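Here the structure is laid out as structure tokens; the discussion comes afterwards.
Nothing in this text is a laboratory measurement; each read-out follows from the coordinates by a stated rule. Being a predicted model, the structure only gives us computed values, none of them experimental. As a convention, Cβ positions derive from the backbone with ideal geometry for all residues, glycine included, and neighbour counts pool all protein chains shown.
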Amino acid sequence: MSLDRLRARARDFTAAPGSLTTRDFHPNVESTRAVQAPSAKRVGEFYDRNGRVLTDIFAGSMHLGYWLGPDDDSDLKAATERLTEIMIIKLRAGAGDTVLDLGCGTGKPAVRLARTTGARVVGISVSTEDVAQATALAQAEGVADLVDFRVADAMDLPFEAGSFDAVLALGSIPHILDRTHVLKQVAQVLRPGGRLALTDAIKRGNEVDEMAVAILNEVLDAWRQASPVRASDYRRFGREAGLVIDEITDITEHTKYTYRKIYAEMDAYGELPPDMVRIHDHGEGVDWVEVENGPQPDGMMIAVAHRP
Ligand SMILES: C[S@@+](CC[C@H](N)C(=O)[O-])C[C@H]1O[C@@H](n2cnc3c(N)ncnc32)[C@H](O)[C@@H]1O
């Protein structure tokens, strides 16, 4: 898609009746960025349609991965496995523990978590296709006795209070606008002392340009994501949810290389489904190396928390 067409689409998007602003949800958030608040149904249908292709493109998982720096020539498989491993280490789960994988995708992180730690894992997704593929993966990898996947909404968790030792949320929170609510749900199902490790999309710069905001919102809508938050907002989200935040780390400098790689994968993929064509079109003509070398107005963070 040309920049002009993207601008035109962004204009339509901004003008959409009933479009909400962040203030409608979080009066304290200092942003007037218009947001899409994708429903669990829309997110689930997106992954039903695209989970398989996304898993191919991201080389097995569906998250951004982690690069060590500009000279790191890892492929997507190595980079995504590295971020999964980082998150597993932060969770500190072990044999005998029960871990909730909140937003499990097609199951690769949960399978790795079970295999490397011996913990039991319950993975949830709002996509029935995700759950079917994740279940097949656990069987194929011989860990079906440790891993169980089911369809459930993170905003309304169907588990008893205190039933998990740890919760992993790798790439799922960016789909949820009300971070405080999802963290409250997590706090409810964690036992006292239980840990949470998550990644989330963050806003780092200030968009003064209305068009930049509209374009970003079009991109977020294509991915069925909600508006990013500021990393520092997590102190408040934790407080409101009854969790103690132990760590907030901005990892943007380690994830910014992903886009160049996934656009190359999409170019090589052959026929992409319509949702992926829309995403691919946003990157048409973009010089990714220039983007990597420029300021990063948006990015990615890790947060670690525990229930006191
Ligand atoms: C970017 S994918 C990440 C998948 C997986 N964690 C991985 O890293 O490969 C996001 C996942 O979060 C799930 N998700 C998004 N919103 C959710 C919600 N409200 N409840 C449960 N799962 C959700 C999606 O269905 C999808 O499986």
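Numbers below:
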quantity	calculated
Computed P(r) (all Cα pairs; the chain; 10 Å bins; percent)	6, 27, 38, 23, 6, 0
Around Leu113: net Lys/Arg minus Asp/Glu count, Cβ-Cβ under 11 Å	+1
Pairwise Cα inverse-distance average, inverted: Kirkwood Rh of the range 196-308 (Å)	15.8
Among 238-245, 136-143, the order from most to least packed when residues are scored by Cβ within 10 Å on average	238-245, 136-143
From phi via Karplus (6.51, -1.76, 1.60), per-residue ³J(HN,Hα) for the range 300-305 in Hz, x at Gly/Pro	9, 9, 10, 10, 10, 9
For the range 38-71 and the range 161-201, distance of Cα centres in Å	19
The chain: calculated mean residue ellipticity at 222 nm from DSSP helix runs of at least 4, using -39500 (n - 2.57)	-13500 deg cm²/dmol
Radius 13 Å from Cβ of His175, net charge of other residues (Lys, Arg +1; Asp, Glu -1)	-2
Cβ-based net charge around Arg52, under 11 Å, with every Lys or Arg adding one and every Asp or Glu removing one	-3
Set of lysines near Lys41 by C-alpha distance (under 22 Å), chain-local residues within fewer than 8 positions excluded	Lys184
Shape parameters for the range 92-162, alpha-carbon atoms, Rg then Dmax in Å	11.2, 32
Between helix 76-91 and the chain: long-axis angle, C-alpha atoms, 0 to 90°, nearest 10	50
Cross-link partners of Lys256 among lysines (Cα-Cα below 18 Å; sequence separation of 8 or more within a chain)	Lys77, Lys203
Positive-end residue of Pro192, Ile173, Leu243, charge dipole of the range 157-248 with Cβ unit charges	Pro192
Enclosed volume per residue, in Å³, of the convex hull spanned by Cα atoms of the range 131-182	110
J(HN,Hα) series, the range 236-251, from Karplus relation 6.51 cos²θ - 1.76 cosθ + 1.60, nearest Hz, glycine and proline x	5, 4, x, 4, 5, 8, x, 10, 9, 7, 9, 7, 10, 10, 7, 10
